[in-house]
Structures are given as structure tokens and as C-alpha cells.
Amino acid sequence: MSFTQQGNLKQHSPKKDQWVLLVDCNQFFVSCEQVFNPKLRKKPVVVLSNHDGCIVARSKEAKALGIPMGAAAFEWEEVFKKHGVIALSPNHTLYSDMSSRVMQCMLDEIGAFSEEMDPVDRLEIYSVDEAFLDIVDTDPLRFAKHLRAKIQRWTGILVSIGIAKTKTLAKLCSEIAKDLSEGVFFLPSCSDSFLKEFSAIDIWGIGKKTAEKLSSLGIKTALDLKNANELWIRRHFSVFVVRTLYELQEISCMPIEEVRQCRKSILCSRSFGAKVEQYSDLKEALSCHIASAAETLREEGLFTHCIEVFLMTSRFDRNPYYRQEALRLATPTQSSFELIEKGGLLLDRIYLPSLFYKKIGVVFTDLCSHEGRQLDLFTSEKTAKQHEKACKVLDQINQRFGKNALFIGSQGTSRSWKRENHPSPSYTTCWDDLLKIQI
Amino acid sequence: MRPVEMIPIGSHSEIKTPMAEALVAAGFPSPAEDYIEYRLDLNELLIDHPASTFFVKVQGQSMQEANIHSGDILIVDRSIEAKDGKIVIAVVGGEFTVKRLRIQGNRTILLPENPAYPTLEIRAGMELEIWGVVTYVIHPAR
């Protein structure tokens, strides 16, 4: 892959058969639960946030009932009761493990198709349930269908795949793919009629404020943005918008493997130029990634509940090695010191000596804002004091929890208001939590 | 008589004495150094595809003649094709079960391995999902 530079904007025209895939797991948290509990399938199911506050995942059936993402769970209590909606506490350990299995499937598949580039460099884990792939294939649609079937077979997770020349377009395509029964949407070349169908806010990377500003200046659709004068855009908006403009024109500006952030997670990783074997070097690289990602947390005013570290050798090694381990924090944090310390513990667990590592990275998942942090009533006195300032909505939650067993945990136990969080068993990471089958 | 010149032995002077052949900086030299291998690892032996391999625990007697007993842990690989004769984890009517899969022409049958238990034939309209193929059974020596 070669890049030319224009100012600080790296652009590159993809090779003839070079494609970007965006693989997106459908209703990921719910899907993970459904793999191990068939009784949850084809039913309205939601997964809640930490301490069962908000709805963070919905099955198709729950979505059809009009239950919105991010809504406060107690506000929808009546709907839950009326329609038999099953509400589950989150089990991020399980989701994290299932995520690493899905990513491993993708790594396996890229390895099978390409020889000249290390598969590790062709996969970018964007969040716990999304990844970008960079492939060279004369029939990317066949590849994507095969990959989708493989992921479903191997892990039980269904994904939607968008295929296009750039990441931004692949993201749009994956949204379309979600509503198709075959789950794959291929955009061999981007037409104006295609772009006209999307508003600016539908585009990945264009937030509400940017979309409003664009709209006020006459740019309302993806087509409008693609056709806008780039110098003028550069003057009025950030370089990210200019990159998006190029990407809509099928000029790739976002190489696989940059620091990525989104509301769901923050990831920081790098491939090593020369392979690394020494623990101390890995620890140093990891600490830098963690510091960088933690800075992003603080800039965004976010805290993380969960830190994951992953480590991989080259796929071409005789015995390729890929491990990922996560740690759930008792209290969400944004402290570099705390996160570097925890990251070190995870590295200790997954590091094996005498291997030559190609890539190391860290992911922060289950992020919350400062407001979310104040809802952690039962964590410590300090947060309880912060709670004194919290609004009456919080009091209502307490009352509700005290009144009735609203949520049906997957274990079928009713929940008292003092003990929130009855997550599903950690089927894949805890021996005591194995799936039990009556035979 | 000339006085003996006393030459102090300072910290910079060296007294060479023969020593045993050098200790290598990294540790004791070993003829086996070039052949370092890892201890035997059960994961390597038992798990071909970590991404698609899961463990389940079973309770019940219906598979005793296949040497699967109550309390055993099964290693299950979802990537293996479920062929006739394989022991599988299946989901029938929303419930998990472990049975031997028989495919005879267009008939699909789930067989227990215990004469006291009924055979289950999958008929039209019944929902069957093969969740994975059992590769190993783990139980203590009895």
C-alpha cells in the first residue's frame, strides 16, 4: 500500500481488486447471550448497562416494540411487563471473549486468502463488535459470504458485512447489509444515486453538530458532501471532514490501524516494524498505548469499566499466537496510572517468552460519562456523596428496584434492589460457569 | 641492603588466577539450548480451533454407553462438520441435548447411548440446530 501526501492528508487510490470490508456483529450483546441460551432467541430481549440503568442492546423483536437504544430501563418497565421483554444484566467478560473469537475467525480467513501481507496488518479491530478488513480479491462478495457463514458456524454470531473501496463507504454498506437477508452488501463503484440516499448525519464521522453546520451551508446529503469544494470544506471544517469527503469519492484516507475511538470503545494499537520479543519492550509499548488512550478518555470526559489487552505474533509463524484478556474494574476510571498498572497485569497473563510479537494493543470498553459514573451508588462513599447532587430520576430507580422484581435475569432469579447485576454465567471464562446440559 | 619496596596492591591491580570456564551472562550454558521446547500442553493436543471450541458440563445418564457420564466436561468444536455417527450438542425445541447424530438418507435421528432412553427422530416442522461436535470427554479416572 503506498500513500501520497497532500498537506497532512494521506491519500491512496486502492488497487484494482483491493477492498475494504466492515464486519459488524448484529445486536452483539444480545447475540452472545442467545448463543448459550436458545430460549432467548426470537424473543424481545434487551441487555442493560452496568447497574441495569440503560438499555445498551436490543434484539430485533425488542426494537420492533419501539424500545430505543440508550433509554433508561425503568421508564420502559410497563412495556417490558406487557410484552414479556427479557432484560439481562451485562456480562462484558463473555462479550469480550466472544469478540476475540469473532476477530480470530477473521484473522484465520484473511490468512487463508492472502500471502504477501501479514493478516495482522489487514485487520483493524474497531470496537468490540466491529472490524475493518483490507483484502485483495477478485470476488469480494464471495469472500464476504464465506466469512459470514464461517463466523456464524464457528461462534454462533451473525454479522453484516459492507464492501466498498473506502472505510467510510464500507460503513454505509454495512448498515444496508443489516436489513438484507443475505447480510452482505457490495458497492463495486459508488454512484451519485447511491450517495443521494444518505443524509450527512448518516455518514460515519459526521456528528450532529457537524451535520447541522453542513446543512446550514447547503450540504445535506452524502452526495452534496462528496461534490463540495474541498478547499472550502478545509477552511470551514476539520481535516476529518475533508477525509470523509475524499473517502466518499473512493479515495482512501484512513489506513487500517490508526487510533480509533467511538462511543462504545477506545482502541490503541500498533504493529511493530521489527518484531519484538522482550517483555520490557512490550510493556513499554503497551504503556504508551494506554497513556494515549487514557488521554482520549479524559478529553472526551469518559471513564472506562473494562480494559482489554491483546497480543499477536505474525500469522505466518509456525504456531501463530493471539491472546486477548480483559479485566473489569470495580470502579470506572480514566487514570493513566491505574490503567497502566492493570494493563501490566493483563500483559503478564498473556505474554509467553521466546515468541516474536507483531502487534500489541489495548481496548477500553463499556465507557461511561461523568453522569453515568455518579449512578454507581454502591461503589464507594465518595461516589455516594457525588450522588447527593444527582437528580430525582435516581431516586425513582431506587424505588422501582425496591418495589418489584422487574428484571428477569437469565438465571431466573429475582433481584433485590441492593444486589443489582445478575449477569449471565461467564460460559467461556469461568469453569464454574460452564453451560450445563441435561442429557 | 636495599629496603624492600612495598608496592601497595590497589583496587586497580589484578591477580589472575585460573577460573572455571566462564559462566555465560544469561545463565549456565546448556547443550540443550538450541532445542528449547515447551512443556506438553493439553490445549495443543485437544483443541484444533480455539476460536470455535467451547466446554460444556453434562448431567444425566442418557449417553453412558458412549462413556459420557453425569458431571463430565465435554470439549465441543463448532467448526467440525456434523456427520453421521458424530456425538453432537444439539438444540431441539429450544433445549440443549447431547446425542449421537444419525443421518440415514433424508432421515435425521438423535440417538441416546443408553437403552433406557428414547430415540428422537427429527420430523418435518421440528426445529433442530447442531450447536457443535463433541471432540473429547473429560472425567476423572474411576
Look through A:LEU94, A:LEU158 and report the one residue that is at pLDDT 90 or above, closer than 19 Å to A:HIS422 by Cα and within 14 Å of chain B (Cβ to nearest Cβ).
A:LEU94
Hey, does the stretch A:58-81 have a residue that's of a type in the set (A, V, I, L, M), under 30 Å from A:GLU230 (Cα atoms) and surrounded by fewer than 20 Cβ atoms within 10 Å (Cβ to Cβ)?
no
Just a yes or no: is a residue in the stretch A:345-363 closer than 22 Å to A:ARG298 by Cβ, part of a loop (DSSP other than H, G, I, E, B), away from every other protein chain (no Cβ under 14 Å) and touching a Ser or Thr at 6+ places or on another chain (Cβ under 8 Å)?
no
Flag if A:ALA149 is at pLDDT 95 or above, in a helix (DSSP H, G or I), within 27 Å of A:ALA64 (Cβ to Cβ) and away from every other protein chain (no Cβ under 14 Å):
no
Selection from the stretch A:138-159 of residues that are more than 13 Å from A:SER31 (Cβ to Cβ) and of a type in the set (Val, Ile, Thr)
A:THR138
Give the residue that is surrounded by the fewest Cβ atoms within 10 Å (Cβ to Cβ), with candidates limited to residues of the stretch B:94-109 that are within 9 Å of another protein chain (Cβ to nearest Cβ) and of a type outside the set (Lys, Arg).
B:GLU95
Residues of the stretch A:59-72 satisfying the condition of being without any contact (Cβ under 8 Å) to a residue 40 or more places away in the chain and in contact with a strand residue (DSSP E or B) (Cβ under 7 Å, 6 or more places away or on another chain)
A:SER59, A:ALA62, A:ILE67, A:MET69, A:GLY70, A:ALA71
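Restricting attention to the stretch A:130-140, does a residue exist that is closer than 21 Å to B:THR53 by Cα and in a helix (DSSP H, G or I)?
If we filter the stretch A:130-140 for residues that are closer than 21 Å to B:THR53 by Cα, which is where we start, we get none.
There is no residue in the stretch A:130-140 that is closer than 21 Å to B:THR53 by Cα and in a helix (DSSP H, G or I).
It is to be established whether one or more residues within the stretch B:110-117 are surrounded by 13 or more Cβ atoms within 10 Å (Cβ to Cβ), facing chain A (nearest Cβ under 10 Å) and among the hydrophobic types (A, V, I, L, M, F, W, C). Spell out the reasoning first.
So in the stretch B:110-117, the residues surrounded by 13 or more Cβ atoms within 10 Å (Cβ to Cβ) come out as B:110-114, B:117.
In the following step, the residues that additionally are facing chain A (nearest Cβ under 10 Å) were identified as B:112-114, B:117.
Cutting the leftovers down to among the hydrophobic types (A, V, I, L, M, F, W, C) gives us none.
No.
Hey, which of the strands (runs of 3 or more DSSP E) in the stretch B:80-142, taking only ones fully inside, have at least 3 residues that are over 25 Å from the mean Cα position of the chain (by Cα)?
Details: elements: B:87-92, B:95-104, B:107-111, B:120-122, B:128-138.
Where strands (runs of 3 or more DSSP E) fall fully within the stretch B:80-142 and carry at least 3 residues being over 25 Å from the mean Cα position of the chain (by Cα), they are B:95-104, B:107-111, B:120-122.
Taking A:LEU339 as the residue in question, decide whether it is part of a helix (DSSP H, G or I) and crowded, with 22+ Cβ neighbours inside 10 Å. Give the steps one after another, and end with the answer.
Details: part of a helix (DSSP H, G or I): yes; crowded, with 22+ Cβ neighbours inside 10 Å: yes.
It is true that A:LEU339 is part of a helix (DSSP H, G or I) and crowded, with 22+ Cβ neighbours inside 10 Å.
The values are calculated or read from the model by the stated rules, or taken from the named source; none is laboratory data. Note that this is a predicted model, so its numbers are computed, not measured. Cβ: placed from backbone, ideal geometry, glycine included. Neighbour counts: every protein chain shown.
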